[in-house]
Amino acid sequence: MMDKLSNLPSAIADIVRNEDSVVLGACLEGNIPFCATYELIRQGKRNLTMIAPISDASTDMLIGAGCVAGLTGAWVGNVSGGLGHNYRRAAEKSMPHPIRIHDYSNFTLAAALMAGAYGIPYMPVRSILGSDILASNPEFKQTTNPFTAEHEPVVLVPPLKADVAILPVQRSDRAGNCHLWGSSGVTTEAAIGAARIIVVADEIVEAEIIASDPSRVPFPGWQVSAVCQVPAGCHPSPMAGRWRRDNAFLNDYHLRSREVEGFQAWLKEWVFDVPDHAAYRAKLGERLDALQIKGWAPSAPVNYASE
């Protein structure tokens, strides 16, 4: 198998291009690769379109840093704090510059990623009927269900594929075959539809470990462009069995980003003055140690024997 192990700065420099559409994590609140968020900012990537199934404060940081030209998603902000201040400034005041906003609900975003992953021309949904999303996003088409006599209304959601999906997992081998457990959100759909995948692995393991439990493999390794070992790369978001959510860190970000000057000071402290993820972890120090999940609650074993 091909060895795809890389360091994160090199992987982002080589794989993420200006004007790409990018998924940063696809598990909603968990498994968000903030390490990649910081690196995209450090490298000055521009005109990105973020595909954001929640993404906690990650997309808000990228908007404030001037990296984002467009947003395809349902919501941007700090899950525990409210709507992102950088997102609001961009939407309402074009600060630091205007962004294109393609409104989705979380469910229609999942439907669009599924359609993109499996080559479906559209996904029919009912959940946004009567909502303002139909008015704000002209890509959705309302029609009627031809299979019912009542011709009930349905909305057709077009397929969505990302140029790059950056996806954290608990463990991966060097070829990109990986294990993900806990809430997976739309990870499989985002990955299968993406043109390029960067795996951010908390741990690198031998291929035999991944092969021992194929049910935990969310997408095939041959689709992966690069594998990066980044312990706690999802901080401050949680990762099942590995890391708890750093609520204090996110609340501090939300308070400091309320004003542009506060955000710029935060950005200098936590991104530009920290050269890489190793330095970021060192800066967190004992705070990160306290967030590490030290309990052990393994699942029941399964049997894959064929004879």
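In segment 26-58, which residues have a backbone nitrogen under 19 Å from the label point lying 7 Å from residue 260's Cα in the Cα-to-Cβ direction? Answer for this model: 47.
The simple spin-label model puts a point 7 Å past each Cα toward its Cβ; for residue 148 and residue 223 those points are separated by 3.2 nm.
Per-residue extension of 0.36 nm, minus the Cα-Cα distance of residue 305 and residue 127, leaves a gain of 59.8 nm for this segment. Ordering 280, 253 by the number of other Cβ atoms within 10 Å of each residue's own Cβ, fewest first, gives 280, 253. Largest GNM mean-square fluctuation across 29, 208, 150, computed for the chain with C-alpha springs under 10 Å, falls on 150. The HN-Hα couplings worked out from phi for segment 261-267 by the Karplus form 6.51 cos²θ - 1.76 cosθ + 1.60 (θ = phi - 60°) are 5, x, 5, 4, 5, 4, 4 Hz, whole numbers, x standing for Gly and Pro.
In this label model, residue 206 and residue 134 are separated by 5.8 nm, measuring between points 7 Å along each Cα→Cβ vector. Let me know the number of lysine pairs in the chain closer than 29 Å at the Cα, not counting same-chain pairs under 8 apart. Here the count comes out as 11.
Sites listed here are trypsin sites (Lys or Arg not before Pro) in segment 226-307 whose DSSP assignment is loop and whose Cβ has at most 16 other Cβ atoms within 10 Å: 244, 258, 294. Residues whose amide H falls under 5 Å from that of residue 154, counting only those 5 or more places apart or on a different chain, are 143, 144, 145, with hydrogens built in the peptide plane. A full extension of the chain between residue 80 and residue 181 corresponds to an added length of 34.0 nm, given 0.36 nm per residue minus the alpha carbon distance.
Taking the alpha-carbon centroid of each part, what is the distance from segment 135-150 to segment 42-102 in angstrom? Going from one Cα centre to the other spans 29 Å. Identify which of 177, 137, 106 has the largest mean-square fluctuation in a Gaussian network model of the chain, with springs joining Cα atoms closer than 10 Å. Sorting by GNM fluctuation, first place goes to 137.
Spin-label pair residue 43-residue 156: with each label point 7 Å from Cα along the Cα-Cβ axis, the two points sit 3.7 nm from one another. In whole angstrom, note down how far apart the Cα centers of segment 157-228 and segment 235-307 are. A separation of 20 Å, based on Cα centres. For segment 1-150, DSSP calls about 20 percent of its internal beta bridges antiparallel.
No value in this document is a laboratory result; all are computed from the given coordinates. This is a predicted model, so every value here is computed, not measured. Heads up, the Cβs are rebuilt from the backbone with ideal geometry, glycines too, and the neighbour counts pull from every protein chain shown.
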